[in-house]
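Here, each number is a calculation from the coordinates, and none is a lab measurement. Remember, it's a predicted structure, so these values are computed and weren't measured experimentally. Every residue, glycine as well, gets a Cβ built from its backbone with ideal geometry; the counts of neighbours run over all protein chains shown.
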Amino acid sequence: MKALLTHCLLLAALPTIARSEPANLIEAAGKQFTMGVGIDDRIHEMPDDWPLLKKHFQIITPENCMKPVAIQPTQGSFNFAQADAFVAFAQQNNLEIVGHCLVWAKDDRTPHWFYLDDAGNPLGREELLKRMKTYIDTVVGRYKGKIAMWDVVNEALADGNEDLRPSGWTKATGEEFIAKAFEYAHAADPDALLIYNDYNNELPAKREKMDRLIRSLLEKKVPIHAIGLQGHYEIDRIPFEQLEKTFEWAKSLGLQVVISELDIDMIPRGIWWADGGKNREEIAKINPYTEGLPQELLDRQAEQYAKLFSLFKKHSDNILRISFWNLHDGQSWLNDFPWKRTNHPLLFDRDRKEKPAYHAVIKALANPEN
Ligand code: GLA
């Protein structure tokens, strides 16, 4: 009887005993979504990063080495050395891979020769699609069964008035290159999950264009499975409400969502493009946090990351993966783009130490009330 009483008392006390923090992001996310990170192409040569990477992440995206400019910089010559090493590293370490990306629908991100015939004239529709098919067959075919998901088309939606960003692709094929890219990728690896990836596509202007595009793809039964929201945010300007609307929109179309390149810029870059870019000389000198981020900003970043992850958690039935863009603050692209500055956009600092944002995310993920 006494034993039973003690047992009951213990049980009653359980909820008040502080639960220890989950050991890492993977454990905190549990079955809700997969945790990923975009990482240096040379990760296989960077042993100092391996413990942090393997502790928190299940799926990795190569930062550059699978982009068309890296894989086929000139006609006829495929350059797979770096991508092969990346895939081998992932396999040895039981990490899944996001292939990024098959078509980057921007002229300055497409190998120059791609649109042109031998005489230097623009290719017609058929020839360009044929070239794209050869490229996709070769790349997706090479890694068939080794790459879990592909960003098939990246950044095709226009920032300006047009629906699609004008490019050599649209000039030759209109929007057909998008449908074809998905069809070719699906044929080359029917088991890979296929993603349309973009930035600002959770904001109304681009979401409307995306809605038209995706509906037209779905009507044609194009094999598209998920929408990638890059998630390159700026502190104090995270579009929480629009994100939620976008999750609901994707769900209504039967599509899953991935957050593909998450970070929070602490020295917001938007000003770089303001007023037609006329103040860039001055802006390029802005570099306030070379000695670290003040506590107040660390806390604000933590709060905003927590709010984001609470939202992701709420929609986790339809969010497949959350990937950060880069492993720690010292490796972020936001230290260089669009001007050089010491930035702090991620969950881990330059010494690979957990920041307040890390603990806030863990807490948000673990909180059963979220
Ligand atoms: C885009 C691309 C990524 C990467 C980032 C910046 O979001 O999709 O591959 O280049 O820009 O580094």
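Structure notes:
- Failed item in (1) surrounded by 18 or more Cβ atoms within 10 Å (Cβ to Cβ); (2) in a loop (DSSP other than H, G, I, E, B), with ASN79 passing the rest: (1)
- Scanning region 262-287 for residues that are in contact with a strand residue (DSSP E or B) (Cβ under 6 Å, 6 or more places away or on another chain) and β-branched (Val, Ile, Thr) returns a single hit, ILE264.
- Candidate set: region 243-260, residues that are in contact with a Gly (Cβ under 9 Å, 6 or more places away or on another chain) and not β-branched (Val, Ile, Thr); chosen: the one nearest to SER310 (Cα to Cα): LEU243
- When region 96-114 is filtered for residues that are surrounded by 15 or more Cβ atoms within 10 Å (Cβ to Cβ), more than 16 Å from the ligand (Cβ to nearest atom) and over 18 Å from ILE259 (Cα atoms), the ones remaining, listed by number, are TRP113, PHE114.
For every residue, the table says whether it meets (1) small (Gly, Ala, Ser); (2) buried (at least 21 other Cβ atoms within 10 Å of the Cβ); (3) in a helix (DSSP H, G or I).
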site: THR290; (1), (2), (3): no, no, no
site: LEU293; (1), (2), (3): no, yes, no
site: GLU296; (1), (2), (3): no, no, yes
site: GLU303; (1), (2), (3): no, no, yes
site: ARG321; (1), (2), (3): no, yes, no
site: ARG352; (1), (2), (3): no, no, no
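- Residue match in region 262-271 (condition: acidic (Asp, Glu) and touching a residue at least 12 places away in the same chain (Cβ under 8 Å)): yes
- Single residue of region 256-279 satisfying the filter (of a type outside the set (Asp, Glu) and within 15 Å of the chain's Cα centre (by Cα)) that is surrounded by the most Cβ atoms within 10 Å (Cβ to Cβ): SER260
- Filter result for PHE337 (of a type in the set (Phe, Trp, Tyr) and either without any contact (Cβ under 8 Å) to a residue 12 or more places away in the chain or assigned to a loop (DSSP other than H, G, I, E, B) (or both)): yes
- Residue check for LEU128: farther than 25 Å from GLN230 by Cβ, surrounded by 21 or more Cβ atoms within 10 Å (Cβ to Cβ) and more than 16 Å from the ligand (Cβ to nearest atom): yes
- Members of region 234-254 found to be free of Cβ contacts under 8 Å to residues at least 60 places away in the same chain and under 18 Å from the mean Cα position of the chain (by Cα), listed by number: GLU234, PRO239, GLN242, THR246
- Candidate set from region 136-181 (those that are loosely packed, with under 14 Cβ neighbours inside 10 Å and in contact (Cβ under 8 Å) with a residue 40 or more places away in the chain); member that is nearest to the ligand (Cβ to nearest atom): ASP159
- Matching residues, region 131-177, being of a type in the set (Phe, Trp, Tyr) and part of a helix (DSSP H, G or I): TYR135, TRP169, PHE177
- Single match in GLU208, GLU248, GLU202 (criterion: among the acidic types (Asp, Glu) and more than 21 Å from ARG165 (Cβ to Cβ)): GLU248
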